[in-house]
Structures are given as C-alpha cells and as structure tokens.
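Down below is the structure, laid out as structure tokens.
Read-outs: derived from the displayed coordinates by stated rules, not from any lab. None of these values were measured; they are calculated from a predicted model. Virtual Cβ from ideal backbone geometry, glycine too; neighbours counted across all protein chains shown.
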Amino acid sequence: MRDYSELRANAQAASRGEWRTGTFPNECAGAGDVVIDTDIGAYTILAGNSNFPADAKANAAHAAAANPQTILALLDELDDLRAKVGSEDLDA
C-alpha cells in the first residue's frame with residue numbers, strides 16, 4: 001500500500017483559498033501564475049516562467065486545479081474506497 005501521509009501533510013500546510021490562474025484584468029499576476037484572492041488583492045503563490053508562456057499557462061492551470069482542497073478530497077475518497085474494498089485490492 002502506498003503511503004500518502006506526506007502528500008496529505010503538504011496539502012494541509014499549503015495556502016488556503018481558491019487557487020486560480022492570474023487572468024483577471026488590472027491584475028499584476030499573469031496567466032502563467034497561480035494566485036489566491038485575499039482581502040487586499042491577488043496573492044501570487046506560484047509564478048510562471050515568462051520565457052515559456054504556453055507552458056507556464058498550462059502548468060498554472062494544472063497547479064490551480066490540483067489545489068490543496070482537491071488533493072485532500074481525493075485522498076479522503078481513496079481512504080474510503082480502501083476501507084470498502086480493501087487496500088490490497090486497490091494497490092494490485
């Protein structure tokens with residue numbers, strides 16, 4: 001059975017809030033950045049590489065989608081499935 005405890009701990013420690021790409025007008029963050037909205041504006045948590053804008057935009061979209069809340073939900077779902085089916089069957 002694989003141990004995802006480090007992944008869970010990292011997700012729990014990561015910045016809270018809705019992760020999204022920086023694509024709104026009048027925003028300092030670019031489309032290749034991942035930001036969280038705060039009371040004082042967008043907070044950049046990952047900055048994309050402006051030398052490779054297509055890659056940066058795709059990477060930012062992936063990172064925003066694989067946010068801490070999503071990872072924790074997937075891990076909880078995996079734990080539930082393991083409990084129902086048996087962890088040995090899922091890891092085969």
Q) Are there trypsin sites (Lys or Arg not before Pro) in the range 1-90 that DSSP marks as loop and that have at most 11 other Cβ atoms within 10 Å, and which are they? A) Arg2, Arg16
(Q) Just to be sure I understand the model, the point goes 7 Å from the Cα along the line to the Cβ. What's the resulting Arg2 to Leu75 distance in nm? (A) 1.3 nm
Q | the range 30-87 - Kirkwood radius from inverse mean 1/r over Cα pairs (Å) | A | 13.2 Å
Q. For the chain, what is the charge dipole size about the Cα centre, in debye to the nearest 20, if Lys and Arg each add +1 at the Cβ and Asp and Glu each add -1 at the Cβ?
A. 220 debye
